[in-house]
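Report on the structure given below.
Read-outs throughout are calculated quantities, based only on the coordinates presented, and are distinct from any laboratory measurement. What you see is a predicted model; the values in this text were computed from it and never measured. We place every Cβ from the backbone using ideal geometry, glycine too, and count neighbours over all the protein chains shown.
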């Protein structure tokens, strides 16, 4: 059985790092490249962090491309208070030796989708949707060539984590999100509604550390650092490990459940800018445009993470 081809669009971030490692540990997936976008930290750091993760996984051969350094229409809003100044605080890792590719991430996305057979490449955005939206705007023909877009972003019942109504990835570039959600794509959304059920715990962090490899130790250090902010913010026993949900969904659909609904992105309101307005109860006549995931088997999710990360 052939591997599923994916492009991971990312703004690492400790949870992005775990998502990338999960993908690289899984033979069911063929990662064609990593495309960095500004988000959790500025582009210079997200592109650097993506290469650090590749080298940690022993994959210095994997191409990494730097993309958009700011949202389409707005100033960049970052999350150093969550992820630390580097975006990967929690453990000191070597400065990456591998080089960035010269090609812009948007051009790589367009070129790859035009080169590969239609319906064979899945896009996996883990951060703001600036790169994806820019590619769709510059090359509208690629929309019908994309297999799926499976993204982490948004919220409905869990409201917001960056404003009272908006999740970070969508809030950073709501205009980009509006383009992506309106492009007629096969779209699966892993929002806070599901990621807030995927909490770290002392036992789950200890399982990562017990792997005993550089990858296991790094992941345990990252989750230990990452969770301090959310535990204080929400009073929860752990922190949501958001972005690996995207890769876990590709590997194990059975761990997740949701429903197809219409999701619209608010781009005008001062109060609800960046809100993902999900018609969960079907009260409008707007047609469904996304599979909106609402629940997961959390222990199955962490078992999958631990088993796969131990392969690296």
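Here are the numbers for this structure:
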quantity	calculated
Residue of 191, 240, 118 that the Gaussian network model of the chain assigns the largest fluctuation, springs spanning Cα pairs under 10 Å	118
83, 196, 253 arranged by Cβ crowding within 10 Å, fewest neighbours leading	253, 196, 83
Selected from 98, 152, 275 as most flexible by GNM, with the chain as the system and alpha-carbon contacts under 10 Å	98
More than 26 Å apart - percent of Cα-Cα pairs taken over the chain	39
Proxy reagent accessibility, fewest Cβ within 10 Å first, across 231, 81	81, 231
Helix-only mean residue ellipticity at 222 nm for the chain, each DSSP H run of n ≥ 4 adding -39500 (n - 2.57), per residue, nearest 500	-11000 deg cm²/dmol
Euclidean distance of C-alpha centroids, segment 189-212 and segment 125-147, integer Å	29
Simple label model, 7 Å out from Cα along Cβ direction - residue 257 to residue 209, nm	3.5
Cα-projected label distance for residue 5 with residue 74, points at 7 Å along beta-carbon direction, nm	3.4
Cα-based shape type of segment 6-126, given that a ≥ b ≥ c are square roots of the gyration tensor eigenvalues and the cut on a/c is 1.5	oblate
Mean separation of Cα contacts under 8 Å, 6 or more apart, over the residue count of the chain: relative contact order %	19
At R0 = 41 Å, FRET efficiency that the Cβ-Cβ distance of residue 217 and residue 143 yields, to 0.05	0.50
Proxy reagent accessibility, fewest Cβ within 10 Å first, across 306, 46, 112	306, 112, 46
Paramagnetic label zone (point 7 Å from Cα along Cα-to-C-beta, residue 115; backbone N under 20 Å) in segment 62-86	62-68
Gain on full stretching of the segment that runs from residue 268 to residue 229 - 0.36 nm per residue minus C-alpha separation	11.1 nm
Inter-label distance, nm, simple model (7 Å from Cα along the C-beta direction), residue 60/residue 186	3.7
Orientation-averaged projected area, Cα convex hull of segment 102-185 (nm²)	5.7
Computed FRET value (nearest 0.05) for residue 91 with residue 285, which takes r as the C-beta separation and R₀ as 45 Å	0.35
Cα-based shape type of segment 148-196, given that a ≥ b ≥ c are square roots of the gyration tensor eigenvalues and the cut on a/c is 1.5	oblate
